[in-house]
Amino acid sequence: MTRRLERPGPLLALVFALGFALTVAIPFAVNAAIVDPRVHDLPATGASISYQPVDGSAGVAYRAPGGWFYRESEVGSDSQRFSAPGESASIEVRFVPARTTARATLEDARGQDAGGLDLQTVAAGPSASRGERLWAMLPDGGAVGVAQIDVSGWAVVVTASGTAPGGAWTIVPDLLASVTTTEAESHTTDTTDGAS
Amino acid sequence: MSWLLVPLTLAGAVAVVWYRLPTVVADPVVAVVAVGAQAVLGALLLLLLWAIDPLRPLGRPWIIVATAVVWGGGMCVFLSGFLNEQIDAVAAKLSLDPDLVLSAPVIEEAVKLLGVLALIGVGRRWVRDPLDGFVLGAAVGIGFLTVENVTYALSAAAEARDAAVPVTEAVTQSLLVRSALAVGSHSLYAGIAGFGLAALIVLHGRGRTGRGIAVFAAALTTTLAAHLLWDAEWGLTSPANVIPPAVIAVALVVIAAVLLRRGRLRLRTPTPAPADAPGTPASAP
């Protein structure tokens, strides 16, 4: 018996190619086609979202924008996405390990140098914790920002995309200004504070 | 089909290494230990497969089995990594019971079976009996489970570090538990599904397509059900809860033993093969 591998019929090759393409495409297509029915509106006063490290050290919290909404599938313990009414804009907020500076944290989170960004300092709110807060507009019309609190090993990184509500991304520095530290022991994302 | 299978197999192997490289770089010692342990496990499982293969005397090119292993450990693991996320997202949107993980059985078994199909395509001459599909599927499964075990060990190390618990203990536990359960999991899922696919092709060649479809459907249903039940949230922190997955593993071993025994009986009593189906010495399953 020859040990040479055979050429299969074109039908088998077609079945394989089609099966492979469908196996890859169908999960993406189905996921994209199904809109998450579990949508929750944030109240006008917003909602407090916090992250507490599992080692019990100081965590961070921020205030999500009032009037926006989120889908359950887009909110996790370390990242959350909120959308403006009509989905004209969205912000993604991530809790990330803090680096030596807020700029370094932002670069690490984005995976690219921040040299091309015009980073602006954000003034902290009266009840916010001490730390470094920076934000910048992006060339594509979006915005990014980072808030790094002195006593926490974690920082908040915000990425905004879409059409800025009212023509300006004031929502980004406002969110960064609201960042505070937390001391809770549990590892949770708290969306119960005013979220519906 | 080799023009399609070979690039995809190589691309899968490169992709899984590239995709997992950050975790390997983060824990090089864990990576070396895990790869070494799983290389030994893979070799032992392949040796076991070689020993129980009733078709071994008829010959089979080693390159087919090797490609099966690389397909399982490369393309299957790589694709499952992000396709499972899509199915999980769909299940979450539909509020399906989170304790039942649909993604793993559906995606992983589909990608593994595609590998068996491609291997049958390039090695049709060596598909003389449905057991050839079992061997190819089991080889794909061995590749899958060994590479997946390495990724689980690396994840266990990262999680242990984040939780400030001993990394060595977490990695050892992950490797030991998953290696101990290796025989009754991915290798047999894919082996049984591969048996069904080969039965469909062999029986179709003998003009018994209906029976082939029935065997394929039964094998695929068994595989999907076993994988679904295996991945259900049993709460394995309690020793008593290990019983259900252990029962599944034993059931798969029994099914595989029955298929092998019946295969041996078929091979002892060969029937004349049709003229248009060279190399098919065995009768129907």
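The values are calculated or read from the model by the stated rules, or taken from the named source; none is laboratory data. All values reported here derive from a predicted model rather than from experimental measurement. A quick note on method: Cβ atoms are made from the backbone with ideal geometry, for glycine too, and the neighbour counts reach across all protein chains shown. In case anyone asks, the SASA skips ligands and DNA or RNA and just uses the protein heavy atoms, side chains included. Shrake-Rupley method; radii C 1.70, N 1.55, O 1.52, S 1.80 Å.
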What ³J(HN,Hα) values, in whole Hz, does the Karplus curve 6.51 cos²θ - 1.76 cosθ + 1.60 give for region A:122-128 when θ = phi - 60°, with x put for Gly and Pro? 9, 6, 6, x, x, 9, 7
Give me the angle, in degrees from 0 to 90, between the Cα long axis of helix A:10-33 and the longest principal axis of the Cα atoms of chain A, rounded to the nearest 10. 20
Which value in deg cm²/dmol, rounded to the nearest 500, describes the helix-derived mean residue ellipticity at 222 nm for chain A, given -39,500 (n - 2.57) per DSSP H run of n ≥ 4 and division by the residue count? -6500 deg cm²/dmol
If each of A:Asp140 and B:Arg262 carries a label point 7 Å out from its Cα toward its Cβ, how far apart are those two points in nm? 5.5
Against the longest principal axis of chain B, how steep is helix B:209-231, in degrees 0 to 90 to the nearest 10, with axes from Cα atoms? 20
Return the whole-Å distance between the Cα centroid of region B:210-255 and the Cα centroid of region B:99-127. 16
Kindly state, to the nearest 0.05, the FRET efficiency for B:Val250 paired with A:Glu183, given R0 = 60 Å and r defined as their beta-carbon distance. 0.75
Residue by residue, what Karplus-based ³J(HN,Hα) values in Hz, rounded to whole numbers, does region B:142-149 have, using 6.51, -1.76 and 1.60 with θ = phi - 60° and x for Gly and Pro? 5, x, 4, 5, 5, 5, 4, 4
Over all pairs of distinct alpha carbons, what does the Kirkwood formula give as the hydrodynamic radius of the protein assembly as shown, in Å? 25.2
Within 10 Å, at most 12 other Cβ atoms, and a DSSP state outside H, G, I, E, B define an exposed site. Report the longest part of chain A free of exposed GluC sites (Glu not before Pro). A:1-182
Extension reserve of the A:Ile34-A:Val151 stretch, reckoned as 0.36 nm per residue once the Cα distance is removed: 37.9 nm
Compute the FRET efficiency between B:Ile243 and B:Thr172 as 1/(1 + (r/R0)^6), taking r as their Cβ-Cβ distance and R0 = 22 Å, and round to the nearest 0.05. 0.40
What is the distance, in nm, between label points placed 7 Å from the Cα along the Cα-to-Cβ direction at B:Ile63 and at B:Leu44? 3.2
For n ≥ 4 DSSP H runs only, could you compute -39500 (n - 2.57) per run for chain B, divide by its residues and tell me the 222 nm figure to the nearest 500? -25000 deg cm²/dmol
Could you sort A:Tyr62, B:Tyr152 by accessible area so the largest value comes first, with the probe set to 1.4 Å? B:Tyr152, A:Tyr62
Summed side-chain charge close to B:Glu233 - residues other than B:Glu233 whose Cβ falls under 10 Å, Lys, Arg +1, Asp, Glu -1: -3
With a 1.4 Å probe and all protein chains in place, put A:His40, B:His204 in order of accessible area, largest first. B:His204, A:His40
